[in-house]
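Asker: Take a look at the following structure, please.
The values are calculated or read from the model by the stated rules, or taken from the named source; none is laboratory data. Since the structure is predicted, the reported quantities are computational estimates derived from the model, not experimental observations. Don't worry about glycine lacking a Cβ; one is built from the backbone with ideal geometry, like all the others, and counts go over all protein chains shown. When the accessible area is computed, the model is the full protein with side chains, heavy atoms only, and any ligands, DNA or RNA have been set aside. Shrake-Rupley method; radii C 1.70, N 1.55, O 1.52, S 1.80 Å.
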Amino acid sequence: MKTVVIVNPVSGRGRARKLIPTIERILHASNLNFDLLLTKRPWHAAELAEVAARQGIDVIVSAGGDGTLNEIINGLMRARQEGYANSALGVLSIGTGNDFAASLGLPVRLKEAAQVIVHNKRRQVDVGILKGCGFPNGRYFGNCVGIGFDAAGGVLAEKITWTRGLLAYLIAALQNIFLYYKAPTLKIQTDTETIHMPSLLVSIMNGKRIGGGFWTAPNASADDGLFDLCIAEEVSRPRMLTLLPHFLKGTQINQPEIQMKQSRTVKITATNGVMPIQADGEILDDACLEVSIKILPKQLEVIGV
């Protein structure tokens, strides 16, 4: 089994670089035949993954967080559009959030994650593609697109360098309550309806979790051909504080300000204000006006459990 491991050394606030010797030792001990490649710049992981897929590499492993995974998914999907569709995605979760891996039930511990790759049990999962907001030709994503509060919070979380994971995102969310409270008015068009209202956040979920521990769509499935949408109306700052624990537990679906929807396509237009937008935790635009999003059923082969 030909394997390429793509490591983003700055993932996890630089933790990934320190883990490279451990990763090599564990993979060698697992008798995995692999080449390890380091990314050197933004989007390099996408380029490396696309080249590896075109070369017919059996397994391309993302060693990083959700941002690295997003780039590798884009590389794999671009190769797939040209007919190179035989490479599977493996995951070593060493980033800050690791949300898509958690949504797929993949282990975080490196030894266990390596064994998953060695066992090579594959499953087909859905991929999303968005167009607009600076990406007229499309940007693929695995876990989610977030508009509004969670995208603005992601910008703040990037500035928190002394911790990572859920704590970093939780601190950013608390800061964000005092900075991002005036919701833009959005027109949200799904397969079956149009919602037009001031919206604090819209999360278009293929996975279940964002921000290292916010269960935004606890009932989502990555292979059902549908997005799970979590839409929050504009609320007061005190109400934001009381809603936050619900997102940590996944119980926000029972709150009156929250709507949960399912759809294959979503089009969102800002009719008053602008939308910060992220895909898999990567900020795409801080002032987007319109975006169209579509799910591509079972387009990605993942080594899972």
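Asker: Identify all residues within region 78-114 that are among the small types (Gly, Ala, Ser) and more than 13 Å from the chain's Cα centre (by Cα); write none if there are none.
Answerer: Correct list: Ala79, Gly83, Ala85, Ser87, Ala88, Gly90, Gly105, Ala113, Ala114.
Asker: Taking the stated definitions as given, is Arg41 among the basic types (Lys, Arg), in contact (Cβ under 8 Å) with a residue 24 or more places away in the chain, within 30 Å of Gly146 (Cβ to Cβ) and part of a loop (DSSP other than H, G, I, E, B)?
Answerer: Answer is no for this residue.
Asker: Can you tell me which residue in region 134-168 is least open to solvent (accessible area, probe 1.4 Å), limited to those that are at pLDDT below 75 and either among the polar types (S, T, N, Q) or within 14 Å of Leu244 (Cβ to Cβ) (or both)?
Answerer: So, considering only residues that are at pLDDT below 75 and either among the polar types (S, T, N, Q) or within 14 Å of Leu244 (Cβ to Cβ) (or both), the one least open to solvent (accessible area, probe 1.4 Å) is Gly153.
Asker: Which condition does Tyr84 not pass, out of (1) closer than 18 Å to Lys2 by Cα; (2) part of a helix (DSSP H, G or I), if it passes all the others?
Answerer: Every listed condition holds for Tyr84 apart from (2).
Asker: Any residue in region 19-37 that's of a type in the set (Asp, Glu): show its pairings with residues that are assigned to a helix (DSSP H, G or I) and open to solvent by less than 30 Å² (accessible area, probe 1.4 Å) at Cβ separation under 9 Å, as long as the two are six or more apart or on different chains.
Answerer: Asp35/Ala52
Asker: Look at Met1 and say whether it is surrounded by fewer than 16 Cβ atoms within 10 Å (Cβ to Cβ), outside any strand (DSSP E or B) and not small (Gly, Ala, Ser).
Answerer: yes
Asker: Taking the stated definitions as given, is Glu193 modelled with pLDDT of 95 or more and among the acidic types (Asp, Glu)?
Answerer: yes
Asker: Let me confirm something: among Glu47, Glu71, which residue is among the charged types (D, E, K, R), open to solvent by 50 Å² or more (accessible area, probe 1.4 Å), on the phi < 0 side of the Ramachandran plot and in contact with a Gly (Cβ under 9 Å, 6 or more places away or on another chain)?
Answerer: Among Glu47, Glu71, only Glu47 is among the charged types (D, E, K, R), open to solvent by 50 Å² or more (accessible area, probe 1.4 Å), on the phi < 0 side of the Ramachandran plot and in contact with a Gly (Cβ under 9 Å, 6 or more places away or on another chain).
Asker: I've got another one for you. Return the only residue of Gln124, Gln115 being polar (S, T, N, Q) and touching a strand residue (DSSP E or B) at 6+ places or on another chain (Cβ under 7 Å).
Answerer: Among Gln124, Gln115, only Gln124 is polar (S, T, N, Q) and touching a strand residue (DSSP E or B) at 6+ places or on another chain (Cβ under 7 Å).
Asker: Also: Among Ile177, Ile231, Ile171, which is farther than 28 Å from Asp126 by Cβ and open to solvent by less than 20 Å² (accessible area, probe 1.4 Å)?
Answerer: Ile177
Asker: Could you grab me the full set of residues in region 237-274 that are without any contact (Cβ under 8 Å) to a residue 40 or more places away in the chain, open to solvent by 40 Å² or more (accessible area, probe 1.4 Å) and more than 23 Å from the chain's Cα centre (by Cα)?
Answerer: Pro238, Arg239, Thr242, Asn254, Pro256
Asker: Something else now. Here are some conditions: (1) within 26 Å of Ile129 (Cβ to Cβ); (2) assigned to a helix (DSSP H, G or I). His246 meets all but one. Which one does it not meet?
Answerer: (1)
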